[in-house]
1. Across segment 13-30, which residue is surrounded by the fewest Cβ atoms within 10 Å (Cβ to Cβ) among those that are closer than 20 Å to PRO51 by Cβ and in contact (Cβ under 8 Å) with a residue 24 or more places away in the chain?
2. Consider only pairs whose beta carbons are under 8 Å apart and that are at least six residues apart or on different chains; among these, list those whose first residue lies in segment 33-60 and is free of Cβ contacts under 8 Å to residues at least 24 places away in the same chain and whose second residue is open to solvent by less than 100 Å² (accessible area, probe 1.4 Å) and among the aliphatic types (A, V, I, L, M).
3. Among the residues of segment 27-81, what is the count of those that are modelled with pLDDT of 80 or more and among the β-branched types (Val, Ile, Thr)?
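The values are calculated or read from the model by the stated rules, or taken from the named source; none is laboratory data. As the structure is a prediction and not an experimental result, all values here were calculated from the model. Because the Cβ atoms are built from the backbone with ideal geometry, glycine has one as well, and the counts that use them run over all protein chains shown. Each accessible area value is taken on the protein alone, full model and side chains, heavy atoms only, with ligands, DNA and RNA left out. Shrake-Rupley method; radii C 1.70, N 1.55, O 1.52, S 1.80 Å.
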Amino acid sequence: MSIDLMMLLDGVKRKIKAVPAAAYGDLAEECGVSVPTLYGIIADRRMPSLPTLQKLCDHFAITVDVATHKQVLPPVVRPIE
């Protein structure tokens, strides 16, 4: 069994790009990397280690269903009308 890490990494990169640049310092600190490393990841100059990728996934609430290898998104909650 293998998880498509490149697909997962692409999703993480999209999430990083959506973060305001002013908040990169907080994200980097939380994930134990430098801000230049974050820029390197989104520019495809750096490949995060698995522990760093896990921390980024945890930060953005991205999980992978090990059985299907598909990204699992949190459920959408809609108000009862």
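1. GLU30
2. Going by the 8 Å Cβ cut-off, the qualifying pairs are SER34/ALA28; VAL35/ALA28; THR37/ALA28; LEU38/ILE16; LEU38/LEU27; LEU38/ALA28; THR52/VAL33.
3. Qualifying residue count, segment 27-81: 7.
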